[in-house]
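Report on one structure; see the data block that follows.
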Amino acid sequence: MNTVIPSSWRLYLLSLIQARITLSLTLVVLSHVSSMNLVYEDDSVRVKGIKRRMSSFCSISFTGVGHAMGGINIQREEFVGSCMAIGDALFVSDKMRSWGNSINPERLAEVFSRWSGDTAYDKVISIGNSMGGTNALLLGPFLGAHSILAFAPQYSVHHDYFPSLGDASWDEYRNNIRNWRFKTVDALLPSLSVDEYIFSGGTSGEIKHARLFRKAPKRSHWIIKDSDHGVAMFLKKHGCLPTIIDLVMCNANTEQIEAVFDSTNIAFERIS
């Protein structure tokens, strides 16, 4: 006799299977996190890395301000799974939360050079979210990045542009910056020759930053209309974040990325 499983139980079993798959993937990522090696650390920056055998691709992930836990912002490596899928991975934490201003880019380039050794990567990308996105734009070119993915980056945190950042802890971090090496993300223009892919949220605070970015020949910038500061998570929930990263690795053009938005019914505005 065949047993008919009620639809409610089928949905429960499906959700259980999906949860097990998610848990398995999480455990894989966590195992990679535990295998990260400390590459370099000083008062301003911490660099960790994971190397894979015979990899011709490398990603450099810049961490954001951090996640609030008990009133303290804890910095964690981000985009670990995506970076590991690409090849070798380096994770850079701006310990002072200085939006790159406390980091010596030349020293960071030396760290990357020593870590990569004789490896001649076919492709290097830098990636980051929020402050990490700003740092990817500012510091990625010093590390030889060919392409940069920045999600919800700040154009600037300088008082001249934003007297208040809308967050007390961010204002405190900003107020501790003494030497403004990078007043805005456009500090490296017009000499920049790196492909930039920037994704901003659609809320008023995000748009204020997005509209300040200068247009540049190698800069592609979208406002994702229905998202907020968590634009990377928004794209991930819509199932297109890995595809976008893969397309950037393959030197995608704007039409290919916008085709992904269209296929997932994501409303957007291209501003550069």
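Given 0.36 nm per residue, what is the gain on full extension from Thr264 to Arg181 after removing their alpha carbon distance, in nm? Can you show the working numbers first?
Values: separation 83, 0.36 × 83 = 29.88 nm, distance 3.95 nm.
Once the chain is fully extended between Thr264 and Arg181, it gains 25.9 nm.
Put a dot 7 Å past each Cα toward the Cβ at Ser113 and Asp226; how far apart are the dots in nm?
My value for the distance between the label points is 4.8 nm.
Dipole size in debye (nearest 20) for region 129-189 around its Cα centre, Lys and Arg Cβ +1, Asp and Glu Cβ -1? Walk me through the intermediate numbers first.
Working: 4 positive and 5 negative charges, 42 e Å.
About 200 debye.
Given the whole protein assembly as supplied and a 1.4 Å probe, what does the accessible area of Ser35 come to in Å², nearest 10?
Counting only protein heavy atoms, Ser35 exposes about 60 Å² to solvent.
Only Lys, Arg, Asp and Glu count, each charged at its Cβ (+1, +1, -1, -1), so figure out the dipole size of region 208-272 about its Cα centre, rounded to 20 debye. Intermediate values should be presented prior to the final figure.
Working: 10 positive and 7 negative charges, 89 e Å.
For region 208-272, the charge dipole is close to 420 debye.
In the structure displayed, which of Lys51/Lys208; Lys51/Lys95; Lys183/Lys225; Lys48/Lys225; Lys48/Lys237; Lys48/Lys123 lie more than 30 Å apart, Cα to Cα? Spell out each step's value before the answer.
Working: Lys51/Lys208 38 Å; Lys51/Lys95 23 Å; Lys183/Lys225 27 Å; Lys48/Lys225 34 Å; Lys48/Lys237 27 Å; Lys48/Lys123 19 Å.
Table pairs above 30 Å Cα-Cα are Lys51/Lys208; Lys48/Lys225.
Among 166-179, 210-223, what's the highest-first ranking by average C-beta atoms within 10 angstrom per residue? Numbers along the way, then the final one.
Working: 166-179: 13.9, 210-223: 16.9.
The peptides rank, most packed first, as 210-223, 166-179.
Whole number in Å², please: accessible area per residue of region 92-200, 1.4 Å probe, ligands, DNA and RNA not counted. Write out the running numbers ahead of the final one.
Working: 4130 Å² over 109 residues.
On a per-residue basis, region 92-200 sits at 38 Å².
5 Å is the cut-off here: which amide hydrogens, built 1.01 Å from N in the peptide plane, fall below it relative to Gly202, excluding neighbours closer than 5 in sequence?
Ile224, Ser227, Asp228
The values are calculated or read from the model by the stated rules, or taken from the named source; none is laboratory data. The shown structure was predicted, so the numbers you read here are calculated from the model rather than taken from an experiment. When we count neighbours, we look across all protein chains shown, and the Cβ atoms used for this are built from the backbone with ideal geometry, even at glycine. When the accessible area is computed, the model is the full protein with side chains, heavy atoms only, and any ligands, DNA or RNA have been set aside. Shrake-Rupley method; radii C 1.70, N 1.55, O 1.52, S 1.80 Å.
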